[in-house]
Amino acid sequence: MMAAAARMAFASCGRLLSPSSSSSLPTTLPRTRGSVAASAKHPVSFLAAARSASVLCYCSDATVAPAPQAAPAAAEVPPVEEVAALLDIRVGRVVKAWRHPEADTLYVEEVDVGEEQPRTICSGLVNYLPIDQLQDSNVIVLANLKPRNMRGIKSNGMLMAASDASHENVELLTPPEGSVPGERVWFGTEDGKDRQSEAASPNQVQKKKIWESVQPHLRTSENCTAFLGEHPMRTSAGVVFCKTLQGARVS
């Protein structure tokens, strides 16, 4: 059995012993006249040779595993204030409002946002606001959303509003008196107007999900002021607010 194991070991290691030589090796050294005593004291067996060959074979075939690669560093997430600065939020004034002819829950508004022509915007506010509260009102408009076709009318923007947790009560955000249609709104201190970054394009807002990243951080305070985290929403005339909803989400 030991001899058979030795032959198998030698057969698997062709670089050390050829198949022809491994099959003809004697189990012990030849018993010549000068070597009888030496062979008796130091017998050399196939098993010992096989063990030695096996070790040599293993070492010569082994490959060194490459060092593990360090995991790539996670992309740094910019502060939400920097992301929010990419939104084009403006003061607007509703010039005209009417019920959508094809959608029971939608109003259609023409809104002055400081451009040559008023923007057409569709708003799902029928169940929350009477139309007379919408007509001629000062509003806050998210102006760099991609236009959407809403039941046959292209809507080019969104009126921003506060709503309670159950979404049963909804109030439009209102700019302070003296705000001018078209002025861009910002978050932070009074002097932050001069540090506003350029607004992203509608395609960038959609592709990078900028609005979706910012919206969860918008709330109203105990005095109904709109905030992004700890930063109030502002125009040059003061802070933006809603009428009565405290701690409400803004969308």
Ratio of alpha-carbon Rg to the 2.2 N^0.38 Å globular estimate for the range 109-251, to two decimals, please. 1.02
What is the magnitude of the charge dipole of the range 80-250 about its Cα centre, with +1 placed on the Cβ of each Lys and Arg, -1 on the Cβ of each Asp and Glu, and no other charges, expressed in debye to the nearest 20? 560 debye
What is the distance, in nm, between label points placed 7 Å from the Cα along the Cα-to-Cβ direction at residue 77 and at residue 110? 4.4 nm
Which far-off residues, 5 or more places away or on another chain, put their amide H under 5 Å from the one on residue 143, with H placed in the peptide plane? 88, 89, 90
Please compute the per residue accessible area over the range 80-250 with all protein chains in place, 1.4 Å probe, rounded to a whole number of Å². 53 Å²
If you take the charge dipole of the range 80-250 about its Cα centre, with +1 on Lys and Arg Cβ and -1 on Asp and Glu Cβ, which of 205, 170, 232 is farthest toward its positive end? 205
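How fast does the range 162-203 diffuse by Stokes-Einstein, in µm²/s, taking the Kirkwood radius from C-alpha pairs at 4 °C and 1.567 mPa s? Don't jump to the answer; show the numbers that get you there.
Numbers: Rh = 13.4 Å.
D, rounded to a whole number, is 96 µm²/s.
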Long-range amide H contacts for residue 150: which residues qualify at under 5 Å (H placed 1.01 Å from N, peptide plane, sequence gap of 5 or more or a different chain)? 155
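Which of the trypsin sites (Lys or Arg not before Pro) found in the range 182-251 are in a DSSP loop and have at most 13 neighbouring Cβ atoms, other than their own, within 10 Å?
Qualifying residues, ordered by number: 208, 209, 243.
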Could you run the Karplus curve 6.51 cos²θ - 1.76 cosθ + 1.60 with θ = phi - 60° over the range 124-131 and give me ³J(HN,Hα) per residue in whole Hz, x for Gly and Pro? x, 10, 4, 7, 10, 10, x, 5
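When you have a sec, figure out the Kirkwood radius of the range 112-179 from all distinct Cα pair distances and drop it here in Å to one decimal? Present the calculation step by step, with values, prior to reporting the outcome.
Working: mean 1/r = 0.0755 Å⁻¹.
Taking the inverse mean of 1/r over all distinct Cα pairs, the range 112-179 comes out at 13.2 Å.
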Would you mind checking 96/208; 146/208; 154/193 for any pair whose Cα atoms are more than 23 angstrom apart? 96/208; 154/193
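The values are calculated or read from the model by the stated rules, or taken from the named source; none is laboratory data. Quick caveat: nothing in here was measured; it's all calculated off a predicted structure. Note: ideal-geometry Cβ built from the backbone for every residue, glycine included; neighbour counts use all protein chains shown. For accessibility, only protein heavy atoms count, side chains too; no ligands or nucleic acids. Shrake-Rupley method; radii C 1.70, N 1.55, O 1.52, S 1.80 Å.
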